[in-house]
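Structure, as structure tokens:
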Amino acid sequence: MTTFHILGFPRVGAKRELKFAQERYWRGEIAEQDLLDLAKALREKNWQHQAAENADFVAVGDFTFYDHILDLQVATGAIPARFGFDSQNLTLSQYFQLARGNKDQFAIEMTKWFDTNYHYLVPEFHKNTEFKANPAHYVNQIREAKALGLKVKPVIVGPLTFLWLGKEKGEAFNRFELLNKLVPVYREILTALAAEGVEWIQIDEPALALDLPAEWLAAYQAVYAELSQVDAKLLLATYFGSVAEHAELLKGLAVDGLHLDLVRAPEQLAAFDDYRKVLSAGVIDGRNIWRANLNQVLDLLEPLKAKLGERLWIAPSCSLLHTPFDLAVETQLQANKPELYQWLAFTLQKVEELSVIKTALEQGRTAVQAQLVASQAAADARATSKEIHRAEVAARLANLPEGADRRKSPFAARIAKQNAWLNLPLLPTTNIGSFPQTSEIRHARASFKKGELSLADYEAAMKKEIEYVVRRQEELDLDVLVHGEAERNDMVEYFGELLDGFAFTKFGWVQSYGSRCVKPPVIYGDVARPEPMTVRWSQYAQSLTNKVMKGMLTGPVTILQWSFVRNDIPRSTVCKQIGVALSDEVLDLEAAGIKVIQIDEPAIREGLPLKRSDWDAYLQWAGEAFRLSYMGVQDDTQIHTHMCYSEFNDILPAIAGLDADVITIETSRSDMELLTAFADFKYPNDIGPGVYDIHSPRVPKAEEIEHLLRKALKVVPKERLWVNPDCGLKTRGWKETIEQLQVMVEVTKKLRVELG
């Protein structure tokens with residue numbers, strides 16, 4: 001028998017049911033029990049989908065109301081003490097306050113989950129942190145699934161990865177010192193899971209794909225020697241990269257099985273050729289939406305099956321959290337792009353693929369001949385499709401002039417020309433880009449897409465919203481304005497809809513964090529810009545005011561990272577194609593009189609390869625793609641970029657190499673910690689550290705913003721410091737937005753007087 005299992009499943013529901021219920025609960029429109037009941041129903045549907053395709057285990061414990069690492073903080077008693085909450089008796093309201101903040105405390109810091117677009121809540125570890133087991137989250141889900149007659153496999157992130165993903169707070173210390181206190185608590189949690197009668201427990205250690213320090217790697221042996229004492233078998237799951245360099249360590253660990261990501265790193269299989277325990281082969285891509293070539297997968301697995309027998313397990317490469325729910329509902333895509341539709345597989349289709357693979361391994365390929373023929377036909381059609389390759393795009397990229405990605409003059413010369421016409425006050429204020437996406441905006445967009453609203457009426461509605469945004473910014477006395485992005489459904493999807501080479505789904509949502517979901521475009525072919533995308537909106541906004549209007553674009557790396565990217569050519573080539581296409585937009589904005597242009601790149605850090613040995617190559621092409629996006633602009637055009645919710649300390653030379661005139665960054669949740677790194681590096685250009693957290697509805701106190709700005713002024717010359725929120729305001733309401741920005745502007749004006 002070949003065991004087929006899933007590492008994790010999407011949480012938000014096929015139609016984002018959890019998202020909408022959470023937000024209604026936060027607004028006080030439904031009771032807590034209503035939210036709990038809906039969540040229970042979603043979990044059961046997830047398990048039934050797995051069981052229906054004959055999965056041998058259903059994954060439990062992976063469902064979360066906000067974030068699985070936050071759940072683990074609760075389970076280990078490691079929630080931030082500053083909230084004053086009892087982790088053993090945490091209410092659902094308190095749980096959400098940890099994630100979203102409250103009137104007294106800012107939310108737990110958030111950052112990217114490895115190199116994905118999922119965000120986790122960063123554990124805060126102190127020298128005196130005490131851990132205490134609370135396994136209820138996992139135990140309750142085990143009981144729910146077993147009550148349905150299902151065979152379960154609980155999923156939990158391992159102690160070394162959990163500790164690694166956290167941050168030290170307060171008195172200086174090394175969080176590794178906490179490991180000896182953490183492991184007994186993990187053992188207590190695992191013992192509680194084993195007491196529920198589970199046969200296997202999946203423990204995820206994706207940190208093994210990173211460059212861990214020697215002492216962390218050495219600790220794995222002792223940690224798992226202790227954890228293996230529980231009365232259940234342990235499957236150690238690795239993913240997102242190769243762990244071949246740790247093969248001898250992993251083969252000697254006191255665990256009963258090992259999962260390898262053979263999509264991201266197929267070459268690592270050779271290092272485990274002599275592995276003598278259960279080997280879980282991650283052969284279906286859990287990070288992308290392309291249909292697998294099942295014949296090629298079987299070519300890999302059949303020799304393994306012959307060798308390993310019942311020790312061979314099959315699975316996706318990682319949790320399916322990162323893929324949309326169901327391709328079958330994409331009837332519009334099927335009608336408009338039937339060829340592309342045949343190349344895709346979402347979560348439910350990936351589970352079906354694994355079921356086919358299991359049947360083929362058990363009964364032979366003839367038992368699933370029809371499915372294999374269809375899979376091969378789709379692969380062959382994609383390889384030979386004429387929709388994908390455009391000769392003019394390849395020619396333009398190949399024939400760029402030397403130095404196309406470099407500004408005409410160095411920053412010192414450019415900023416002098418820019419300041420001469422901008423004539424901004426000290427500590428200029430601006431917003432990152434978006435303003436609240438109100439129900440009126442969403443309704444107008446939905447009505448337009450349904451054909452219930454004419455193009456003229458839709459554009460009139462958007463212009464009305466833009467004027468409202470401009471007038472509110474004028475009243476607030478912000479210095480550099482934005483048009484608010486009312487016309488944009490999403491900062492990536494909007495551009496993808498206007499670029500060639502992109503396709504779109506209707507229900508292809510994936511979770512980014514909490515209730516925030518994104519619907520990534522599908523980059524299936526060569527990318528080009530057929531016509532201007534933002535110019536008329538920015539021109540209209542500028543016509544409403546005498547203040548400077550900032551044009552807003554999403555950068556090539558972020559468009560790449562936040563899309564499902566074709567896998568038939570290098571990602572670097574796709575990224576440069578996007579950069580060149582965006583440069584046409586930048587030059588059109590400049591020609592239209594929009595001479596402050598922000599090109600957002602919040603995803604540049606998340607695209608960084610997990611192994612440092614691969615960093616330089618990535619940073620080289622990512623930086624080139626970004627600089628290509630503004631190639632040809634004049635010195636007096638000011639290029640901004642924005643980055644958020646990532647760690648940049650170790651790539652600051654590459655960030656400086658982007659050569660943006662102004663960079664804005666998220667810093668409020670980390671108390672300006674990131675800004676200190678920019679200062680130590682002596683970042684050469686202007687910088688705008690975020691002074692309040694936009695993911696919380698709370699209005700910051702004046703003293704909080706003043707504290708952050710005074711910290712900033714200690715490390716950034718006042719002439720180079722901008723003032724702005726952490727990120728865009730799309731998810732906020734208007735009342736809190738106005739109040740938040742009022743505090744920001746008032747504090748800024750106070751400091752201007754003080755600074756003379």
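Observations on the model:
- Looking only at the stretch 194-214, and only at residues there that are in a helix (DSSP H, G or I) and touching a residue at least 60 places away in the same chain (Cβ under 8 Å), the one that is nearest to residue 62 (Cα to Cα): 206
- Scanning the stretch 385-394 for any residue that is of a type in the set (Ser, Thr, Tyr), modelled with pLDDT under 95 and in a helix (DSSP H, G or I) turns up nothing.
- Scope the stretch 405-448; condition open to solvent by 10 Å² or more (accessible area, probe 1.4 Å), among the aliphatic types (A, V, I, L, M) and part of a loop (DSSP other than H, G, I, E, B); matching residues: 424, 426
- Tabulated pairs, the stretch 75-87, first within 11 Å of residue 108 (Cα to Cα), second of a type in the set (Phe, Trp, Tyr) and part of a loop (DSSP other than H, G, I, E, B), C-beta under 8 angstrom, 6+ apart or interchain: 79/85
- Selection within the stretch 386-404 - more than 20 Å from residue 583 (Cβ to Cβ) and either touching a residue at least 60 places away in the same chain (Cβ under 8 Å) or surrounded by 11 or more Cβ atoms within 10 Å (Cβ to Cβ) (or both): 387, 388, 389
- Test: residue in the stretch 146-164 that is of a type in the set (Ser, Thr, Tyr) and open to solvent by 10 Å² or more (accessible area, probe 1.4 Å): no
- Within the stretch 704-728, residues that are over 19 Å from residue 741 (Cα atoms) have Cβ atoms under 8 Å from residues that are among the β-branched types (Val, Ile, Thr) and open to solvent by less than 10 Å² (accessible area, probe 1.4 Å) in these pairs: 716/687; 720/687, counting only partners at least 6 apart in sequence or on another chain.
- Of the residues making up the stretch 619-644, those that are open to solvent by 10 Å² or more (accessible area, probe 1.4 Å) and not in a loop (DSSP other than H, G, I, E, B) are 619, 620, 621, 624, 627.
- Taking the criterion of being out of contact with any helix residue (DSSP H, G or I) (no Cβ under 9 Å at 6 or more places or on another chain) and surrounded by fewer than 18 Cβ atoms within 10 Å (Cβ to Cβ), the only residue of the stretch 338-361 that qualifies is 338.
- Any chance residue 370 is out of contact with any strand residue (DSSP E or B) (no Cβ under 8 Å at 6 or more places or on another chain) and more than 25 Å from residue 528 (Cα to Cα): yes
- Among residues that are open to solvent by 10 Å² or more (accessible area, probe 1.4 Å), out of contact with any helix residue (DSSP H, G or I) (no Cβ under 9 Å at 6 or more places or on another chain) and not acidic (Asp, Glu), residue 19 is included.
- Filtering the stretch 506-528 to residues that are over 25 Å from residue 67 (Cα atoms) and surrounded by fewer than 22 Cβ atoms within 10 Å (Cβ to Cβ) leaves only 528.
- If the condition is being open to solvent by 40 Å² or more (accessible area, probe 1.4 Å) and in contact with an Asp or Glu (Cβ under 9 Å, 6 or more places away or on another chain), then the stretch 179-202 contributes 181, 184, 187, 191, 195.
- Restricting the stretch 600-617 to residues that are within 18 Å of the chain's Cα centre (by Cα) and either at pLDDT 95 or above or among the acidic types (Asp, Glu) (or both), the residue that is surrounded by the most Cβ atoms within 10 Å (Cβ to Cβ): 601
- Selection of the stretch 679-696 for residues being crowded, with 22+ Cβ neighbours inside 10 Å and outside any loop (DSSP other than H, G, I, E, B) yields 686, 687, 688, 689, 690.
- Condition broken by residue 111, with the remaining ones in (1) open to solvent by 30 Å² or more (accessible area, probe 1.4 Å); (2) polar (S, T, N, Q); (3) under 24 Å from residue 241 (Cβ atoms) satisfied: (1)
- Among the candidates 85, 131, 96, the residue that is more than 30 Å from residue 609 (Cα to Cα) and in contact with a Gly (Cβ under 7 Å, 6 or more places away or on another chain) is uniquely 131.
- When we screen 586, 633 for residues that are in contact (Cβ under 8 Å) with a residue 60 or more places away in the chain and more than 21 Å from the chain's Cα centre (by Cα), the only hit is 633.
The values are calculated or read from the model by the stated rules, or taken from the named source; none is laboratory data. The structure presented is a predicted model; accordingly, all values stated were derived computationally and were not measured. Cβ: placed from backbone, ideal geometry, glycine included. Neighbour counts: every protein chain shown. Keep in mind that these areas ignore ligands, DNA and RNA; they rest on the heavy atoms of the full protein, side chains included. Shrake-Rupley method; radii C 1.70, N 1.55, O 1.52, S 1.80 Å.
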